[in-house]
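Derivation of every value follows stated rules applied to the coordinates shown; laboratory data play no part. Here the structure is a predicted model, which means the values were calculated and not measured. Methodologically, a virtual Cβ is constructed for each residue, glycine included, from the backbone with ideal geometry; neighbour enumeration extends over all protein chains shown.
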Amino acid sequence: MNKHEMYIKMLLSSLLRRRSRMMVALLAVAIGAAVLLGMTTISYDIPRQMGREFRSYGANMLFVAAGGGAMMSLNDVDRAVALLPQGNLVGVTPYRYRPVRSNMQPYTAVGTRFDQVKKTSPWWNVSGAWPGSGNEILIGSDVAEFTRLGPGGTISLSGRNSEGARFSREMTVSGIVRTGGLEDGFLFMDLSTMEDLAGDAGTAEVAEVSVAANATDLSALVALIRDRVPTIAPQLVKRVTQSEASVLSRLQALVALVTLIVLVLTMICVATTMMTVVMERRKEIGLKKALGAENRSIVAEFLGEGICLGLLGGLLGVAFGWFFAWTISVNVFGRAIAFNIFLVPATLLVSVVVTGVACLIPVRRAIDVDPALVLRGE
Amino acid sequence: MGKEQNMNTTTSVPANILELRDVSMIYGQVKALQSICLTVKKGEWLAIMGPSGSGKTTMMNIIGCMDRPSSGAVILDGQDVSGMSLHALTRIRREGIGLIFQQFHLISYLTALENVMVAQYYHSMIDENEAMQALERVGLKDRAKHLPRQLSGGEQQRVCIARALINYPKLILADEPTGNLDEANEQIVLDLLRRLHAEGSTIIVVTHSPEVAEYAEKTIVLEHGRIVRTTENLKESGDK
C-alpha cells in the first residue's frame, strides 16, 4: 500500500463508516444536481417546446412590398418563404384588400387562403362554416349585425377591378367571423375569387407568416430575406416577438432562480452534515494532528470526502435529473426532450464545486482542532 | 535517513534529550506551571506524578510540542522549541515524538495494521512490512487485520505503542498508559516499555500509579504547577 492508496482507504472507510449521515448529504447533492440538470435541460428546451405553443398568438412576421409599393408578387413571397426553416414554418397567409359596395354601403373585401388562415390566426371564431366554393363568403360580425345576414344568406357585391372595369357578384354567406379586431368589419373570400373579380392574379398587399423561432433567429431571417429577395420588405410583429421573448426570459429566469435556491439549500445541507461530522471526529482529527498531520493533510481528507460526495451525488443527480426533465417535458409539453450530453460534466462540476464550497467552513473548524485534546481525554 | 536526522540541527550531540529551563504556563489567572526546571537524559525513563490539576497534562503538552510555554525555554534534542511556530512544532512532533495515550485513540474504521501505518503516512512513506514488524514487536502480528473494536483494551494499547514506535522517535511520551487496563494487560504494557527502555528509548510517563512510577529511573512529583519532589529510583534501570 502506498500513500495514495492509504489516502483513498482512509477516505472511503470514513465515508462508509458514517454512511447513514453521508446518505443524507449524498441525497441532498443528488437532489441539487437533479434539479440543476433537469431545470437546465428544460430551460434549454423551453424555446423549442414553447415555440409551437406561442404560434397560437398569431403571425410573428409580415411581408409587404419593398420600396413603398402597394402590391407584391406571390412568387416573390414563395421565394422568401423558401428561405425560412421549413420544419418550423407554421403557415403563410396572403391578404389582398379591395373596396366594394353592397346596397350602397362601402365595405372592404379581403381575399385570402382559408387553409392558411386557420394556421396563422387560430383564434378566429367562425360561426357557420368556412367558405368552400368560390362563391362563398365569410362576413365579419359587425357586418353581419349591420346587414342582418347570417349563414346561408346572400350578399350582392360590386366594385371596380384593377383596370377600372365594374364587377358585380351575388355571394352566399357561409359563416360569420368574430375576432374582436378589425376582421369583424371585413368580408373574406378566397384569394382566387378575389383574383377573378379584381384581376392582378398572383399578387397580395401583405402576407402574414408564422414561424417557430426566437427573436434573435427571426431578426436574422428578416435580414436574410431582405438580402435575398429585395422586392419583399419583411417585418417582425414586435408585439408578438417581444412578448414571446419576455415570457421566455421570465420563465428561464424563474427556472434559474429555483435552481439557484435548490443549490444553496444543497450547500447548506452538506455544510451542516460535514460540520456535524467534524464535531464527531474532533478526537480523530486531534489524534492525526498529534501524530504530525499538517493542516493540508486534514484539508485534503475532508475536501476529498466532499469531492467524493459531489461526484457520487452528481452522478445520481444526472440520472434523476434526466428522468425529471423527460417526465416534465412529456407531461407538460407533450413531447420528448432533447438531451444535451455536455450538461453531464457541467452538472458533475457544479456538484463538486457546491460540495467543495460547503466543506470550507467545516474544514476550517477541522484545522482549528487542538491536538492537545487527545491528552486531556476530552 | 530522515528518521535518523530528526531533530539534530546542532553539530554536537547533546547528552540531554530534554531540558526545561524556568518554564511557566499561565492560562489567564491560573498558573498551570511555575518555573519548572527539568532535564531528561537520553535513554532515561522519567515518571511524572501528581494529583489532578497539578500541571501534568500541561507539562505533557509542552514536552510533546502541542503547546508553547508562557515563558522559559524547552530544549528538545539541543533545539529550543519554545518559540517555534505551530507548523514547526507539528514537524518536530511528527519526526521526534511517539505518543501513547490512556484512551488508546485508535482510528475506529482502520485495522490495527493501518492504524500503525497512519503514523507512517503523516511522517513520510508507508512501509507495510515495517508496520507489521512493529505489531510483531508488541505481539500482535496475528491481530493485524482486526479493527479496534475487535481488540481487547490491552491489545489496543499495544497497537498504540506500535504506532508510537514506528517512526523511531527520540522520545516516547506516555500518558497514563496503563490507566484503562486490567492487571494482566498492565504488566504486558509495562514489560513492553521496559524492553523499549532497555533498547535505548527515552520514555516519559505520566501516571497516578506508584507501581508504574517504580519502573522509571527518576520520578518527579508535581503539585500546583511546581516540582515538589524528585526521586531517583535506586533499582536497576527499568527493573521492578
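Annotations
- When only alpha carbons of the range A:183-255 are considered, Rg and Dmax amount to 17.2, 55 Å.
- Euclidean distance of C-alpha centroids, the range A:132-171 and the range B:161-185, integer Å: 111 Å
- Dipole of the range A:59-236, positive end: most advanced residue of A:Met71, A:Ile232, A:Gly152 [Cβ charges, Cα centre]: A:Gly152
- Nearby lysines by direct alpha-carbon distance to A:Lys3 (threshold 30 angstrom, same-chain neighbours under 8 apart not counted): A:Lys283, A:Lys288, A:Lys289, B:Lys3, B:Lys141, B:Lys145, B:Lys170
- Summarising the amide proton neighbourhood of B:Ser71: residues at separation of 5 or more, or on other chains, whose placed amide H is nearer than 5 Å comprise B:Ser24.
- Highest mean first, the peptides A:200-212, B:188-200 sorted by other C-beta atoms within 10 Å per residue fall in the order A:200-212, B:188-200.
- Sparse packing (at most 13 other Cβ atoms within 10 Å of the Cβ) combined with a DSSP loop state is found for the following trypsin sites (Lys or Arg not before Pro) in the range B:83-171: B:Lys145.
- Two numbers describe the Cα atoms of the range A:59-236: Rg and Dmax, which are 16.8, 49 Å.
- Calculated [θ] (222 nm, deg cm²/dmol) that DSSP helices of n ≥ 4 give over chain A, each run adding -39,500 (n - 2.57): -18500 deg cm²/dmol
- Under a model in which nothing but the beta-carbon of Lys, Arg (+1) and Asp, Glu (-1) is charged, the range A:231-378 shows a dipole of about 340 debye around its Cα centre.
- Exercise: per-residue mean of other protein chain Cβ atoms within 10 Å, B:90-96: 4
- Dipole of the protein assembly as shown, positive direction: furthest Cα of A:Leu348, B:Ala134, A:Leu37, with charges on the beta-carbon: A:Leu37
- Here the Karplus relation 6.51 cos²θ - 1.76 cosθ + 1.60, evaluated at θ = phi - 60°, turns the backbone of the range A:211-223 into coupling constants of 9, 7, 6, 7, 4, 5, 5, 4, 4, 5, 5, 4, 5 Hz, with x for every Gly and Pro.
- Over the range B:1-140, the Kirkwood radius and the radius of gyration, each from Cα atoms, give a ratio Rg/Rh of 0.99.
- When +1 charges are put on Lys and Arg Cβ atoms and -1 charges on Asp and Glu Cβ atoms, the dipole computed for the range A:59-236 relative to its Cα centre reaches about 120 debye.
- Size of chain B as Cα extents on the principal axes (Å, biggest first): 47, 38, 36
- With a cut-off of 15 Å between beta carbons, the residues surrounding A:Thr273 carry a summed charge of +4, where Lys and Arg count +1 and Asp and Glu -1.
- Per-selection metrics, the range A:280-351 (Cα): Rg and Dmax in Å: 19.6, 62
- Mean ellipticity per residue at 222 nm, deg cm²/dmol - from DSSP H runs of n ≥ 4 across chain B, formula -39500 (n - 2.57): -9500 deg cm²/dmol
- Vicinal HN-Hα couplings computed from phi for the range A:22-33 (Karplus, 6.51 cos²θ - 1.76 cosθ + 1.60; Hz; Gly/Pro x): 5, 4, 4, 5, 4, 5, 4, 5, 4, 5, x, 5
- Scaled to the globular estimate 2.2 N^0.38 Å, the Cα spread of the range A:113-159, given as radius of gyration, is 1.22.
- The distance linking the range A:331-373 with the range A:246-277 is 11 Å (Cα centroid to Cα centroid, whole angstrom).
- For chain A, the Kirkwood hydrodynamic radius from C-alpha pairs, put into Stokes-Einstein at 37 °C and a viscosity of 0.692 mPa s, yields a diffusion coefficient of 126 µm² per second.
- For the range A:156-224, dividing the convex hull volume of the Cα atoms by the residue count gives 152 Å³ per residue.
- Point-charge dipole on Cβ atoms (K/R +1, D/E -1) for chain A, about Cα centre, debye to 20: 1640 debye
- Among A:Thr93, A:Gly334, A:Pro131 - extreme Cα towards positive end, dipole of chain A, charges at beta-carbon: A:Gly334
- Inverse mean reciprocal Cα-Cα distance (Kirkwood Rh) of the range A:1-146, Å: 22.0 Å
- When the range B:118-240 is reduced to its Cα atoms, the Kirkwood hydrodynamic radius in Å: 15.6 Å
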